[in-house]
Amino acid sequence: MLSLRRTYFWIFASLVAETACGPLLRPPLLFPHVGLLVVVYAAVEDGALTGLRAGLWLGLLLDLMSLERFGTYFLLYGAAGFACGLLRGKVFVESFVSQWLIPAAAYAGVLAVVAMLGRSEPEDPVWPLFEGLIRNSAIFTTVFVSPFVFRWCAAHLMKKRVVHAPGFLP
């Protein structure tokens with residue numbers, strides 16, 4: 001069972017690290033989207049409702065930092081977390097294939113919706129915009145570090161069990 005408080009804290013901490021360290025790297029696209037990886041791990045590990053909550057939290061934080069319409073990232077990352085949470089019990093979290101494919105699909109899905117929303121005219125094709133977003137995003141570094149982030153999340157996001165001393169009431 002995941003600790004939601006820890007999950008929310010590490011999503012916030014990863015977003016602060018992305019914001020602070022991302023522009024320092026040359027090119028800044030080398031910094032992975034660790035917040036999305038924490039959302040995907042929480043969703044696959046604990047289910048759709050936890051994925052929805054974690055995604056909404058990440059989306060809210062991104063909306064507070066962006067200049068775009070308020071609520072766009074809130075909805076996008078909430079839907080991505082919910083969709084990843086629907087895979088709970090259908091995939092093995094420990095397998096490298098799921099640790100690479102699920103975050104890549106979640107990231108690509110978010111970018112696809114951003115490409116559809118970013119068109120200036122409804123008749124404009126989506127594919128060139130989506131291709132440009134993929135090329136200018138950190139999807140490859142995010143997928144590369146996802147097994148390491150998943151392993152870290154498995155060790156640090158679980159609830160700690162309280163052990164009561166014998167003879168004392170809980």
Quiz item: Assuming Ser95 fulfils every condition listed in (1) under 13 Å from Tyr41 (Cα atoms); (2) buried (at least 16 other Cβ atoms within 10 Å of the Cβ); (3) not aromatic (Phe, Trp, Tyr) apart from one, which condition is it?
Solution: (2)
Quiz item: Take the residues of the range 143-170 that are at pLDDT below 70 and of a type in the set (Val, Ile, Thr): which is nearest to Val40 (Cα to Cα)?
Solution: Val162
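Touching a residue at least 60 places away in the same chain (Cβ under 8 Å), part of a helix (DSSP H, G or I) and over 26 Å from Gly118 (Cβ atoms) - does that describe any residue in the range 7-19?
Yes: the range 7-19 contains one or more residues that are touching a residue at least 60 places away in the same chain (Cβ under 8 Å), part of a helix (DSSP H, G or I) and over 26 Å from Gly118 (Cβ atoms).
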Quiz item: If we keep just the residues of the range 79-108 that are in a helix (DSSP H, G or I) and without any contact (Cβ under 8 Å) to a residue 24 or more places away in the chain, which is farthest from the chain's Cα centre (by Cα)?
Solution: Val97
Exercise. Say whether the condition of being of a type in the set (Ser, Thr, Tyr), under 30 Å from Arg5 (Cα atoms) and modelled with pLDDT under 90 is met by at least one residue in the range 107-125.
Key: no
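In this structure, is Gly35 in contact with an Asp or Glu (Cβ under 9 Å, 6 or more places away or on another chain) and crowded, with 16+ Cβ neighbours inside 10 Å?
Details: in contact with an Asp or Glu (Cβ under 9 Å, 6 or more places away or on another chain): yes; crowded, with 16+ Cβ neighbours inside 10 Å: yes.
When the stated conditions are applied, Gly35 passes them.
The values are calculated or read from the model by the stated rules, or taken from the named source; none is laboratory data. Given the structure is predicted, the values throughout are model-derived calculations rather than measurements. Neighbour counts are summed over all protein chains in view; Cβ atoms, including those assigned to glycine, are modelled from backbone coordinates with ideal geometry.
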